[in-house]
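Okay, structure first, notes after.
The values are calculated or read from the model by the stated rules, or taken from the named source; none is laboratory data. It should be emphasised that the depicted structure is a prediction, and the values quoted were computed from it without experimental measurement. No Cβ is skipped: glycine too gets one built from the backbone with ideal geometry, and neighbour counts run over all protein chains shown.
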Amino acid sequence: MAKCIIVADDDKEVRKIVTFALTHNGFEVIAVNNGQQLQAALARQLPDLLILDVMMPGEDGYHLCYAIRSDPRTRYIPIIIMTAHTEEIYERISTDLGVAEHMTKPFHPLALVERVKALLSAPTQN
């Protein structure tokens, strides 16, 4: 069975690129464009991995990450944070929130696929 990944990004083009790269590498992808849709998707299905954009309307990726880490059902789901912010403080915030990977946009789709594969093949921390 394919590993399920939820991608939350308000940028339609980023969602399309990420979805294309991951589905063509055998992953099931659920793409949403905001925090409310992410919460609804998590209520329906727990993914194997989450990819969150930092800057989204409503709740941003860091607030969503905090909520995900605070919920016993989702606490151990690996998270990749993607952001256009290049300042070091954003990487530090990601680390402090327990994010598995911090990626800066723009990114190469194959680099994302490699990181996803590495995270999903790592031993679980449950």
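Here are a few things to note about the model shown:
- For the stretch 61-76, a residue qualifies if it is under 19 Å from R15 (Cβ atoms) and either exposed (fewer than 15 other Cβ atoms within 10 Å of the Cβ) or of a type in the set (A, V, I, L, M, F, W, C) (or both), and the qualifying residues are L64, C65, I68.
- Verdict on A118 being among the hydrophobic types (A, V, I, L, M, F, W, C) and surrounded by fewer than 17 Cβ atoms within 10 Å (Cβ to Cβ): yes
- Residue count for the stretch 38-47, restricted to those that are in contact with a strand residue (DSSP E or B) (Cβ under 7 Å, 6 or more places away or on another chain) and surrounded by fewer than 19 Cβ atoms within 10 Å (Cβ to Cβ): 1
- Unmet criterion (only one of (1) closer than 19 Å to L119 by Cα; (2) surrounded by fewer than 18 Cβ atoms within 10 Å (Cβ to Cβ); (3) modelled with pLDDT of 95 or more) for D96: (3)
- Selection within the stretch 96-126 - of a type in the set (S, T, N, Q), farther than 14 Å from G61 by Cβ and free of Cβ contacts under 8 Å to residues at least 24 places away in the same chain: S121
- For first residues located in the stretch 1-19 and free of Cβ contacts under 8 Å to residues at least 40 places away in the same chain, partners that are assigned to a strand (DSSP E or B) and of a type outside the set (V, I, T) and lie 6+ apart or on another chain with Cβ distances below 6 Å form the pairs A2/E28; R15/A31; T19/A31.
- Where helices (runs of 4 or more DSSP H) fall wholly inside the stretch 11-126, the ranges with 2 or more residues that are touching a Pro at 6+ places or on another chain (Cβ under 8 Å) and not small (G, A, S) are 12-23, 109-121.
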